[in-house]
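Engineer: Before anything else, here's the structure in question.
Each value in this text was obtained by applying a stated rule to the coordinates, not by laboratory testing. Please read all numbers here as calculations on a predicted model, not as lab measurements. All Cβ positions, even for glycine, are placed from backbone atoms using ideal geometry, and neighbour counts span all protein chains on display.
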Amino acid sequence: MIDRSVLSKSYFTSDKIVRHHVDSFNSFLDIGLQKVIDEQRIVETDIEGTHIRLGKIRLGHPVVREADGAVDKLYPTEARLRNITYAAPLHLGMTIVSSEGEKDEKEAEIGLLPIMKGSKVCNLVDLTDKEMIELGEDPQDPGGYFIVNGTERVITTLEDLAPNKIMVEFEERYGDKIEVAKVFSQRRGYRALVVVERSRKSLLEVSFPSISGRINFVTLMRALGIETDEDIVNSVSEDPEIIKFMLENLEEAEVSNKDEAMEKIGIRVASGQGKEYQVKRANYVIDRYLMPHLGNDEAHRMVKAQFLGRMAQACFELALGKRAPADKDHYASKRLKLAGDLMEDLFRVSFNRLTRDIKYQLERASMRNRDLNVSTVVRADVLTERLVHPLATGNWVGGRTGVSQLLDRTDYIASLSHLRRVISPLSRSQPHFEARDLHPTQWGRVCPSETPEGPNCGLVKNFAQLVEISTSAGSKTQIKNMVYEMGVKPIVPQLVGMEEKITTYVTELEALEEAQEMKIEHEEDEDVGVEVDIFE
Amino acid sequence: MVVATPKRIKQIKFGLISPKEYRKMSVTRVITADTYDDDGFPIDMGLMDTKLGVIDPGLRCKTCGGRAGECPGHFGHIELVAPVIHVGFAKLLRKILRAICRECGALLLDPKKKEEYIEQIRILRKMGQSAEDVVSEVFKEARKSGTCQYCGEAQQDIKFEKPSAYIEVDEVDGIKYEHKLMPTDIRTRLEKMSDVDAEVIGMDPNNARPEWMILTVLPVPPVTMRPSITLESGQRSEDDLTHKLVDIIRINQRFQENREAGAPQLIIEDLWELLQYHVTTFIDNAVSGVPPARHRSGRPLKTLSQRLKGKEGRFRGSLSGKRVNFSARTVISPDPNLRIFEVGVPEAIAKELTITMNVTPRNIEEAREYTRRGPENHPGANYVIRADGRRVKVTEINGEELAELVEIGWKVERQLKDGDIVLFNRQPSLHRMSIMAHEIKVLPHKTFRLNPAVCPPYNADFDGDEMNMHVPQNEEARAEAKILMHVKNNILSPRFGGPIIGGIHDHISGLFLLTNSKDKINKNDALELLAKMEIRELPEPVGKENGAPYWTSKQIFSQILPGGLDIEFKAEICEKCDQCKGVDCEHDAYVVIKDGVLEQGTIDEKAVGAFKGIIIDKLTKEFTPDIACKFIDDATRLSIRGIMRKGFSFGIDDEYIPDEAQSQINEVLESASDKVEKLIAAYKAGELEQLPGRTIDETLEMEIMKELSKARDSTGEIAGRHLGMENSAVIMARSGARGSMLNLTQMAACVGQQAVRGERIQRGYAGRTLPHFDKGDLGASAHGFVKSSYKNGLSPTEYFFHAIGGREGLVDTAVRTSQSGYLQRRLVNAMQDLEVQYDGTVRDTRNMIIQFKYGEDGIDPMNSDFSKPEAAKRIIDSVMGKVKE
């Protein structure tokens, strides 16, 4: 037998226990913070011609501000003992742009960001064991948690169903078994469920948020700009059996062109309103609420239509037995939300609040004819409070509770286990037998043995010893090239010569890459990873 | 002090309260929204008026003169400036409005039909059934009419908008005119409805006139049910209901002012709607379509219906679920030296819990002694109650003094002492044996102690379980507990008519070891074995060895059997031979007891076990529960000494099987694998014979499962051949103490197929369970067959499959407990009021017969011998036996 102890020894030399937390938080610090700022870009005001342009964000090291105004470097033990928060100041460069021209960019402190112990800005980084002991810190303590008002809080990893993936399954409707294809479309914080279902008579219907009930598939396709029968069929499948189904659908079509389709949708989204408004609303709804992950303006409609076609195809394939219902518990269909991702969600909402406050303060200052000054209009407490409170209570943005938990210090092992915990948002009051089962794909990723007994059994999991979590999928062009190198042909011959449409497939590809973010890295499993079939 | 005499409720009447009634029951009209004046006294005709009852100590109620705590509170009322709809009736109102004439208020049905309906309703009511179906038919029929049969008025469609808007739609030349109905309009229509019409729609006009569903007067609940609390800062914080009432009064006033000032109709309507909103949220703050009224902090207010609804509401939280005094809860631990009906109570608990003694000439000295001892010296007293009802705390200091004062007519609250009857309970209380009466034994330390033989009825173990104890507070309660709930009267379970209390685990192994051995027991050992029993003499020794007398183990066991016991049965270790040799059984599995002497046979689960113990069963039924109790006590004590005499342990070596057995096992597994491969080959070749009612895939799965389980069984047999009666695990399994041969097979030979919901493991990656296997592999090991034994250790894939199978078990237990709890709750709720009457019928509270005979056969399962027809046999045997003599 090979001596594997060498391998495990080398593995355990590097501190891996809370790597996922620390890596994720570090990437939030490096990329996430600036990303949120860049999404906002400017703070508009109601004052004519005046706005604030946001610049670069800069993060300091954890400090404590004493009552006399003195600012001191803060170490975790001091934070724990004095019941204060281990947080570092955030500085943001801001430029006031008014009708009189631009002022110089000034940096203002916008608030304190709670810092994960052991992350790159933590004051303990690079200290020797001896120095740590002098600071009252246990060198064996893994870190990976926050200290809020003196209590140690862990942001537990959340396990979620993968967004932007087509899932087919059977459902029951009034005693009939029907096939449905579902997609949880996610763009930033917003989630929208799109369902394509095949009714008894093979009629396809689609439902998505902001529209009550279901809407005819063909109507929606026409509204999205795929108008001719041929194009609709081609965007679904080339399979003759499926084409037969599609022809039935086209026969039952309620509308024959884009305008009619829009009117039809308008009636559904804004009944009882004027015709013009209805159409306007229909356009808005289609762009904003239908599959937001593919983009939210008119340019993305083609992609959306093609995606709908895929969903329809999946639906029919399930009906024809050419495809098995999706296994929701397969670990490839899961995404993990780590501390950094959750902090980003939190920071986005909190920062939004801050900008609203800045706008208000700015307007007030201008009404009183005071000099507009960046440092006076930013109230740092607004952001700090909004960041600290969710961490302290576990009530996250979006109404999720129990996201942050008090670190279990029963013993050393309890803490380690707590830091590697993964919780599933499924309700514990329902049986969910299948979700609680140990799934073979959890091999090497989740511990087969450690799960609580009782109502949380199988819903609360713990990482396996050797789990590796990747945080991002790298650059888009890289993936694109890789996919092409693997022999993927640029798609759909029937569209050759229609330049306009080919570009849309590139957009679709990009959307797909976005869907790749934050997934657990899998080995070269053919059934995991990029859903290659989309390019066939 | 006013002594309240309890009264029996004879009848409850349900109806609507009329405005008149509201005013009659009101003690004051409330007109100001303010609560307290500057000095902090309640304002007259305000919401905290002292006529409505008092909550502040020191004040007296202006209505009944009672102080805080004595005065139950009294209703007041608010005169609403304009009528509003009671949300609770909004849907009913819609139905009525659509069924009656908009002009004359008559129900739109022919008089003849009305009579028919009234008759139908009357008949249904008489039979105690609901008239709901008839009434909904009435509404359906009445709605059809387009014009009024009585005044000829054309009817208009009425649209209802949640929560309480009614809109009349008039259609003229195809154009619809909508017109909102104000509560006043609705009320006028309802007022016009005749009493007869009200009856047709199922209302009793004497108790519920339809117009009373529109509120013109609002009752103000007494202050006692909406007390304000004083914060540390001295600030008063009002109850949610008071807040809501303040809103109502404010709007009411504004409405009145505006109307008197002749404000435009638009403003009046707005205020009306606002008043409607406040009254609606006062009644129910969770009506859909109405934004909930919120507290300043943003918390939704808890108004009337929120107080009643839900798990923590008045019904489920306060009335069905109560909390009690005189109870204790702590961890339980075992003490085999206690008698089965005893419970060891920590001294700290015994000192806290009391029983009230009424001092009489017979016990006055005893009572004085307790008082003298005070609260600190164990059986002491904590309080005395003087003849005038004043409670005096007994302390170390005043004990002596107080003891002298104690006289007849006083009461002394004495601490618990040995022999007191208490109720002992472990949740979930699923059957009546979950609460039994025990006798107290005060013991040191901090846990409740109980004899492990009473674990089965409570379903208790000692891995951290906690139990509750309740102390009955009067003689009647104690007598009832002793007679009905005492452990000795609950040895038999009414579930299956056998003993539920009896030996478990080591009790059975112990007696098995003792009675199955051919040991010669010398005097010393014999005395030691029987030391804890009340046995004064040893029987005649069977013989002598090396000059010393010796006894057989069966003789020793016979000592705890009462005389006169005659019984014959097959023991648990019976091999179920084709031809039973009876008394000549070579396994010593045929038990014969004659006149309380064990002549032959081995004592095991069948004889003394909980659920199965035939000896216990017979002793309880044919002797007395006391004798059975004594037997269980003795048997458990004897068994423990018996097991300790020999020692009993199990280790990894006990799972050892010789190499040749191991290779046999490997061969069996090998050939099973081959067979499975053949099955798969046949399946792939399409040669597999399909089982009826199954698809070909299902057939294959079933065949494979069958083959593999056969293989596992035969490995077990091979292992079993090498593990004999000298193996402790075998002893435990065979005697029924714990575990089974299957467990042993898994430890020593082969763990076997791991299954999820009865099937082999199928889920996983595309085409295979784990990447360790080929795609499409249907073989045994690729779908969760574990070839290894626990002793030899599992391979990584086997370990993982085992974890999958194990997880299912965990999930199942977790989910099942909650489901069975709910099932039980529903059963109990449905049947809690049923009662077996003296005439043998089962009836509900209305005296309606549910069963003519209890259980349709009148049999008491508790006394029916394991629910088998053997009861008759027993009687015949005993009669015949006596005839023989």
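Engineer: Along each principal axis of its Cα atoms, how long is the range A:99-192 end to end? Whole angstroms, biggest number first, please.
Structural biologist: Principal-axis extents of the range A:99-192 (Cα, largest first): 70, 57, 24 Å.
Engineer: What's the Cα-based Rg to Rh of the range A:178-236, Rh via Kirkwood?
Structural biologist: Working: Rg = 12.5 Å, Rh = 12.5 Å.
On the Cα set of the range A:178-236, Rg over Rh gives 1.00.
Engineer: Still on this structure: Two-decimal Rg/Rh of the range A:186-271 from alpha-carbon positions, Kirkwood Rh?
Structural biologist: Details: Rg = 13.4 Å, Rh = 13.6 Å.
Result for the range A:186-271 is an Rg/Rh of 0.99.
Engineer: Provide, for q = 0.05 Å⁻¹, the log10 of I(q)/I(0) from a solvent-free Debye sum over equal Cα point scatterers in the protein assembly as shown.
Structural biologist: Log-scaled intensity ratios, in q order: -0.65.
Engineer: Another question, if that's okay. Would you please name the trypsin sites (Lys or Arg not before Pro) within the range B:791-878 that are DSSP coil residues with at most 10 other C-beta atoms within 10 Å of their C-beta?
Structural biologist: Details: sites: B:Lys791, B:Arg807, B:Arg816, B:Arg825, B:Arg826, B:Arg843, B:Arg846, B:Lys853, B:Lys873, B:Arg874; in loops: B:Lys791, B:Arg846, B:Lys853.
Loop-located and lightly packed - B:Arg846.
Engineer: Taking the inverse of the average 1/r across all pairs of different Cα atoms in chain A, what Kirkwood radius in Å do you get? Could you put the intermediate results ahead of the total?
Structural biologist: On the way: mean 1/r = 0.0380 Å⁻¹.
About 26.3 Å, per the Kirkwood formula over Cα pairs.
Engineer: Give me Rg/Rg_expected for the range B:626-783, where Rg uses Cα atoms only and Rg_expected = 2.2 N^0.38 Å with N residues.
Structural biologist: Compactness ratio reported: 1.44.
Engineer: What Kirkwood hydrodynamic radius do you get for the range B:30-96 when you take the inverse of the mean 1/r over all pairs of distinct Cα atoms, in Å? Intermediate values should be presented prior to the final figure.
Structural biologist: Values: mean 1/r = 0.0717 Å⁻¹.
Value: 13.9 Å, from the Cα pair sum.
Engineer: Can I ask one more? Can you name the helices of chain A, as whole DSSP H runs, whose Cα span along the helix axis is 24 Å or more and whose Kyte-Doolittle mean is not below -0.5?
Structural biologist: Passing helices, by number: A:301-319, A:339-367.
Engineer: At q = 0.21, 0.23, 0.26 Å⁻¹, work out log10 I(q)/I(0) for the range B:806-855 with the Debye formula, treating every Cα as an identical point scatterer and leaving solvent out; two decimals please.
Structural biologist: Values, matching the q order: -0.73, -0.80, -0.90.
Engineer: Find the percent of Cα-Cα distances in the range B:756-833 that exceed 18 Å, and round it to a whole number. Before the final figure, lay out each step's value.
Structural biologist: On the way: 1664 of 3003 pairs.
I get 55 percent for the Cα pairs in the range B:756-833 exceeding 18 Å.
Engineer: Hey, got the Cα dimensions of the range B:707-774 along the principal axes, in Å, largest first?
Structural biologist: 49, 21, 19
Engineer: Let me ask something else about it. For chain B, would you read off the P(r) tail past 51 Å as a percentage of all alpha carbon pairs?
Structural biologist: 48
Engineer: Going from the alpha-carbon gyration tensor of the range A:288-433, what semi-axes, largest first and in whole Å, does one get by taking the root of 5 times each eigenvalue?
Structural biologist: Sorted largest first and rounded, they come to 41, 30, 11 Å.
Engineer: Quick check: the angle from helix B:796-831's long axis to the longest principal axis of chain B, C-alpha only, nearest 10 degrees?
Structural biologist: For B:796-831 against chain B, the angle is about 50 degrees.
Engineer: I would also like to ask the following. Give me the net charge for the shell around B:Leu810: Cβ to Cβ below 9 angstrom, other residues only, Lys and Arg +1, Asp and Glu -1. Please list the in-between numbers first.
Structural biologist: Details: positive: A:Arg436, B:Arg807; negative: A:Glu453, B:Glu808, B:Asp812.
Residues near B:Leu810 contribute -1 overall.
Engineer: When the Kirkwood hydrodynamic radius is evaluated over all pairs of different C-alpha atoms of the range B:564-685, what value in angstrom, to one decimal, is obtained?
Structural biologist: Hydrodynamic radius (Kirkwood, Cα pairs) of the range B:564-685 is 18.5 Å.
Engineer: Then there's this: Using only Cα atoms, what is the ratio of the radius of gyration of the range A:1-138 to 2.2 N^0.38 Å?
Structural biologist: Expressed relative to 2.2 N^0.38 Å, the Cα Rg reads 1.46.
Engineer: Considering the range B:612-663, what Rg and Dmax in Å follow from its alpha-carbon atoms?
Structural biologist: Both quantities, over Cα of the range B:612-663: 18.9, 56 Å.
Engineer: Oh, and also: In whole Å, what is the distance between the alpha-carbon centres of the range B:51-127 and the range B:727-759?
Structural biologist: If we compute the Cα centre of each part, the gap is 67 Å.
Engineer: Going by alpha carbons, how many degrees (0 to 90, nearest 10) lie between the helix axis of B:111-126 and the longest principal axis of chain B?
Structural biologist: 40
Engineer: With runs of 4+ DSSP H residues as the only contributors, calculate the mean residue ellipticity of chain B at 222 nm using -39,500 (n - 2.57) per run, divided by the residue total and rounded to the nearest 500.
Structural biologist: -11000 deg cm²/dmol
Engineer: Would you calculate a helix-derived [θ] at 222 nm for chain A, using -39,500 (n - 2.57) for each DSSP H run of n ≥ 4 and dividing by the full residue count, to the nearest 500?
Structural biologist: -11000 deg cm²/dmol
Engineer: List the trypsin sites (Lys or Arg not before Pro) in the range B:332-428 that DSSP assigns to loop (not H, G, I, E or B) and whose Cβ has at most 11 other Cβ atoms within 10 Å. Which are they?
Structural biologist: Numbers: sites: B:Arg339, B:Lys351, B:Arg362, B:Arg368, B:Arg372, B:Arg373, B:Arg386, B:Arg390, B:Arg391, B:Lys393, B:Lys411, B:Arg414, B:Lys417, B:Arg426; in loops: B:Arg339, B:Arg362, B:Arg386, B:Arg390, B:Lys417, B:Arg426.
Sites meeting the loop and neighbour criteria: B:Arg362, B:Arg390.
Engineer: Quick one: Debye curve from the C-alpha atoms of the range A:143-196, no solvent, what's log10 I(q)/I(0) at q = 0.17, 0.20 Å⁻¹?
Structural biologist: Debye intensities relative to I(0), on a log10 scale: -0.70, -0.80.
Engineer: Once the Cα atoms of helix B:183-192 and of chain B are each reduced to a long axis, what angle between those two axes, in degrees from 0 to 90 to the nearest 10, is obtained?
Structural biologist: Result, in degrees: 90.
Engineer: May I have the extent of the alpha carbons of the range B:350-443 along their three principal axes, as whole Å values ordered from largest to smallest?
Structural biologist: Reported extents, whole Å, longest axis first: 48, 25, 23.
Engineer: A follow-up question, please. Using only the alpha carbons of the range B:182-331, what is the convex hull's orientation-averaged projected area in square nanometres?
Structural biologist: 15.9
Engineer: Mind jotting down the distance between the C-alpha centroids of the range A:56-93 and the range A:250-307, whole Å?
Structural biologist: 51
Engineer: Could you list, by residue number, the cysteines of the protein assembly as shown that have no other cysteine's beta carbon within less than 4.7 Å of their beta carbon?
Structural biologist: Flagged as lacking a Cys partner: A:Cys122, A:Cys315, A:Cys447, A:Cys457, B:Cys64, B:Cys455, B:Cys574, B:Cys577, B:Cys580, B:Cys585, B:Cys629, B:Cys750.
Engineer: What percent of all Cα-Cα pairs in the range B:228-273 falls in each 5 Å bin, counting up from 0?
Structural biologist: That works out to 5, 20, 19, 14, 12, 10, 9, 7, 4, 1, in percent per bin.
Engineer: Here is a further query. How much of the pair distance distribution for the range A:72-231 lies past 21 Å, counting alpha-carbon pairs only, in percent?
Structural biologist: Details: 8771 of 12720 pairs.
Of the Cα pairs, 69 percent sit more than 21 Å apart.
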